[in-house]
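Q: Mind looking over this structure? Questions follow.
The values are calculated or read from the model by the stated rules, or taken from the named source; none is laboratory data. Just so it is clear, the model here is predicted, and its values are computed rather than measured. For neighbour counting, all protein chains shown are included, and Cβ atoms are generated from backbone atoms with ideal geometry for every residue, glycine included.
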Amino acid sequence: MTVVDGQHALGVFSFSNEVDEATVVEGFQAELDEAKIAEGKRLEEKYGYSFRDTRQQKHLQEFLRRSLWIVGFSCVLLLFIWRKEQLTQRRLRLEMLNLSDRFEEEQRRNEVLLNRKKSEEENVKAVITDIAHQLKTPIASLKMSMEIAGSEEFSPEERRKFWEQGSSQIDKLDLMLDSLVRLSHLEAELISLKPQAYSIQALLSEVINSLIMKALDKEMEIEVEIPKDCLVAVDRKWTVEAISNILENAIKYAPKGTRILVKGTCLPSYALIEVLDEGDGIPIDEVNLIYRRFYRGNDPHVLENEGSGVGLYLARKIIEEQGGVILMKNRHPHGACFQITIPLDLSDGEELGAEE
């Protein structure tokens, strides 16, 4: 029952002399009448009675309040659940993106490792093939020499010559195996290059001192030019080995009695080391081949000298592993010039000899 309906019913009661059930029913079912509504409102104000204070009305108001509270709480709860679901979905999307990135990174890493493994397998096969090829000739020669040296069908002089030849082949095998051990250790990364600050003057002095007797045996003169000393960032032991291989080749293949010049020049960011000899130089078509494993060319003068063919290969690998470069240029009219660049050690921001 609304307030207007209540007021209308009171108006009906006031206009009736007798109030009975039919009249009450009629009052509640009759059409709305403005006069009766006004009369009901007057009586309501006169006697202080209101349908708002009825027990049913209070129950209805309580019900509406609870309903509104429940609806409001439900909306807040749904909003909280929705927000939590949004955050959960966002977190899941971020986790999926992270997992996707990690998966792609692992996939790229696996591809790199797989390619490296294939490359290493191919490299191992190539090394084994090269070693087998290089060892085949001296072993066959050694076997024949030993058989002849131990045979009674040849004279003592002939047997002695073959014995000496066999000993020479053993020396070649020893030299080759020593080179192969160093090469295999370096390629298999069993040896780690550890660059440290080292004087270029001390570096070249160590190289020359290790080979001076071989130069004297060939009546060769080694001249050194180092206008200014400086610090280079190198692994001393392996860098000495690399430069020694180049200088040893110059001593081995240049004519007897000639001169070898070793120069050390300090430039703004690197040092330049040059080894210049007075030999026959290197044919143009072999310049890009001399750094291959076991390559010795076709020059009879080169082939008649002992060598394993890995010296320049090792030298280039050692220098490049330390951020340097090695180049070869033919000189005019005779000789070869090997140029090596090595990074300077700039950790202190100064070079040796900067203060004079």
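Q: Can you tell which of ILE222, ILE260, ILE243 is in a helix (DSSP H, G or I) and either touching a strand residue (DSSP E or B) at 6+ places or on another chain (Cβ under 8 Å) or closer than 19 Å to PRO343 by Cα (or both)?
A: Result of the check over ILE222, ILE260, ILE243: ILE243.
Q: Name every residue in segment 180-208 that is outside any helix (DSSP H, G or I), of a type in the set (A, V, I, L, M) and at pLDDT 80 or above, in order of residue number.
A: LEU193, ALA197
Q: Between a first residue in segment 150-179 that is hydroxyl-bearing (Ser, Thr, Tyr) and at pLDDT below 75 and a second residue that is part of a loop (DSSP other than H, G, I, E, B) and surrounded by 12 or more Cβ atoms within 10 Å (Cβ to Cβ), which pairs have beta carbons less than 6 Å apart while being 6 or more apart in sequence or on different chains?
A: Short answer, once both residue conditions are applied: SER179/SER308; SER179/VAL310.
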